[in-house]
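Notes for the one structure printed next.
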Amino acid sequence: MTNTPTEPKTHDPLLRLRNIIGPYGILPVSRSTFYALVAAGKIPKACKLSARISAWRESDILAYIASAEADDAGR
């Protein structure tokens, strides 16, 4: 039996809110602005990891940043 190479599984890290916003985050907005973007549907809702822990997919946050930059470039 031969082993055939398979495609590597993509790894999409989950980010907690403290990793997304704030002085060390990738998105320079306040907590209330971030949740307003989620409520408006511009950023997808969080993945619930437990009753009190939420996280967002890094790809969703990066996609929002790319779309926001594209909107700014189009103005």
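Out of Ala68, Ala55, Ala73, which single residue is aliphatic (A, V, I, L, M) and modelled with pLDDT of 95 or more? Walk me through it before giving the result.
Working: Ala68 fails: modelled with pLDDT of 95 or more; Ala73 fails: modelled with pLDDT of 95 or more.
Result: Ala55 is the single residue among Ala68, Ala55, Ala73 that is aliphatic (A, V, I, L, M) and modelled with pLDDT of 95 or more.
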**Item:** Pairs, first under 15 Å from Pro44 (Cβ atoms) in segment 14-30, second in a loop (DSSP other than H, G, I, E, B) and not small (Gly, Ala, Ser), C-beta under 6 Å, six or more apart
**Value:** Ile20/Leu27; Leu27/Ile21
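Please determine, by comparing only the residues of segment 35-75 that are of a type in the set (D, E, K, R) and part of a loop (DSSP other than H, G, I, E, B), which one is nearest to Thr10 (Cα to Cα). Before the answer, list the steps.
First, the residues of segment 35-75 that are of a type in the set (D, E, K, R): 42, 45, 48, 52, 57-58, 60, 69, 71-72, 75.
Adding the requirement that they be part of a loop (DSSP other than H, G, I, E, B) leaves 42, 45, 52, 75.
Values: Lys42: 24, Lys45: 21, Arg52: 27, Arg75: 34 Å.
For segment 35-75, the residue satisfying everything is Lys45.
Among the residues of segment 14-34, how many are assigned to a loop (DSSP other than H, G, I, E, B), of a type in the set (Gly, Ala, Ser) and surrounded by fewer than 16 Cβ atoms within 10 Å (Cβ to Cβ)? Full working, then the answer.
First pass over segment 14-34, keeping only residues assigned to a loop (DSSP other than H, G, I, E, B): 16, 21-30.
Checking the rest, the ones that are also of a type in the set (Gly, Ala, Ser) come to 22, 25, 30.
Now narrow it down to the ones that are surrounded by fewer than 16 Cβ atoms within 10 Å (Cβ to Cβ): 22, 30.
Looking only at that region, the number is 2.
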**Asked** Across segment 59-75, what is the number of residues that are surrounded by 10 or more Cβ atoms within 10 Å (Cβ to Cβ), more than 15 Å from Phe34 (Cβ to Cβ) and charged (D, E, K, R)?
**Response** 1
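The values are calculated or read from the model by the stated rules, or taken from the named source; none is laboratory data. The structure displayed is predicted, hence computed values, not measured ones. Cβ: placed from backbone, ideal geometry, glycine included. Neighbour counts: every protein chain shown.
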